[in-house]
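Here's the structure, in structure tokens; my notes come after.
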Amino acid sequence: MAEKAFTPRVFSGIKPSGGLTLGNYLGAIKRWAEMQGKGLETIYCVVDLHAITVWQDPADLRHGTREVMAGLIAAGIDPESSILFNQSQVPAHAELAWIFNCVARVGWMNRMTQFKDKAGKNAEKASLGLYAYPALMAADILAYHATHVPVGEDQKQHVELTRDIAAKFNHDYKVDFFPLTEPVIEGPATRVMNLRDGSRKMSKSGESDMERINMLDDADTIAKKFRKARTDPEPLPDSLEALDNRPEARNLVSIYAGLADMTPEAVIAEFAGAGWGRFKPALADLAVEKLSPISDEMKRLMGDETELDRLMARGAERAEAIARPILEQTYDIVGLVRSR
Ligand code: AMP
Ligand code: TRP
């Protein structure tokens, strides 16, 4: 069957569990903002249903959802030119996820490294939702027939699973209904690492606050965290290859490049031979310059919950208008009778 041409459409999501980090910003949010206004439809979602795959205090979840919404707008996502909303207000996500639970195979889920990392040794005690999570993520994407999904490196496997689900659905039902979505993993900082351990990614949930930069950290905290970031005793080299076995140093160079919109090569060219006593303060200044306007705006937006809730409701209505007909067509393809 010749492959159908799908209109290019961008979808991505972020969990409202814990505050936003520099990893979220450089790996995802900054690039989501840059994809706007290029003639593509852009849909961005605060994925609250994904957050509850691990325990969330209800008050924290409500606060976190509004905080992430504020963070996305403060970082330049325009709720008019993009569709911006929280997942649970568009039931098509959960409904399509059930269909995909019946398409995806247990063997596929067993290969998901994020589940293995998160469930750890205690997989028997993990929620069923955490295990099924990638099928819900596929539903998020495919409920909009999205063709491009900008994410950090850690989500590549889940987007590939989304393609497998789409392909199996199309094959089993002999249709060309769901697109084979492309992950878009670009830029100098697709995997921002932990500041205390260059072998682990920077995450919202890591045990020590010193290992991550939060979007709401103040200037002194940012400076202190970079000053204390783990490095090695060598100065910066004059080529990127020379950083191959220096993960902490490589990470700081990538962060600088991401914040400055430079290539890592250009950062090396500028700082070759510099010691950490010069590089770390320059990095901290750059981070404060780029992040403080965003965190100021985020705090201002969080002062008006009514407005944030109104924006989420409006975004959800616009999202629903796209997702509902796609869900209904899916039900028809599957053979579920719709008589009302
Ligand atoms: P999450 O916070 O897990 O919902 O992630 C939301 C988005 O941020 C996803 O596209 C992730 O790939 C991206 N992301 C999260 N942590 C990092 C990181 N340390 N480096 C790069 N991207 C990240
Ligand atoms: N699983 C993603 C994460 O942990 C978040 C997410 C949920 C997502 N649904 C999505 C990302 C759809 C892209 C597209 O980061």
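The values are calculated or read from the model by the stated rules, or taken from the named source; none is laboratory data. Owing to the predicted nature of the structure, the values given are computational and were not obtained by experimental measurement. We place every Cβ from the backbone using ideal geometry, glycine too, and count neighbours over all the protein chains shown.
Please enumerate the residues belonging to the range 50-77 that are farther than 22 Å from Leu128 by Cα, among the small types (Gly, Ala, Ser) and buried (at least 20 other Cβ atoms within 10 Å of the Cβ). Within the range 50-77, Gly64, Ala70, Gly71, Ala74, Ala75 meet the criteria. Which residues, taken from the range 45-57, are under 18 Å from Arg318 (Cβ atoms) and more than 9 Å from ligand 2 (Cβ to nearest atom)? Passing the criteria: Val46, Asp48.
Selection of helices (runs of 4 or more DSSP H) fully inside the range 108-211 by the criterion of at least 1 residues being over 18 Å from Ala92 (Cβ atoms) and within 12 Å of ligand 1 (Cβ to nearest atom) returns 113-119, 156-172. Would it be correct to say that Leu61 is within 13 Å of ligand 2 (Cβ to nearest atom) and either more than 15 Å from the chain's Cα centre (by Cα) or over 29 Å from Gly187 (Cα atoms) (or both)? So Leu61 does not fit the description; no. Taking each residue of the range 29-42 that is modelled with pLDDT of 95 or more and looking for partners that are acidic (Asp, Glu) with beta-carbon atoms closer than 8 Å, six or more apart or interchain, yields Arg31/Glu186; Gln36/Asp78.
Within the range 110-131, residues that are assigned by TED's automatic domain parsing to the domain that holds His50 have Cβ atoms under 8 Å from residues that are β-branched (Val, Ile, Thr) and not in a helix (DSSP H, G or I) in these pairs: Lys118/Val54; Ser127/Thr53; Ser127/Val54; Gly129/Ile52; Gly129/Thr53; Leu130/Thr53; Leu130/Val54, counting only partners at least 6 apart in sequence or on another chain.
Suppose we keep only residues that are within 16 Å of ligand 2 (Cβ to nearest atom) and of a type outside the set (A, V, I, L, M, F, W, C) within the range 202-217. Which one would you say is farthest from Ile29 (Cα to Cα)? If we take residues in the range 202-217 being within 16 Å of ligand 2 (Cβ to nearest atom) and of a type outside the set (A, V, I, L, M, F, W, C), then Gly206 is farthest from Ile29 (Cα to Cα).
Being without any contact (Cβ under 8 Å) to a residue 40 or more places away in the chain, surrounded by 13 or more Cβ atoms within 10 Å (Cβ to Cβ) and within 30 Å of Asn214 (Cβ to Cβ) is the requirement here; does Glu289 meet it?
Taking the combined requirement at face value, the residue does not satisfy it.
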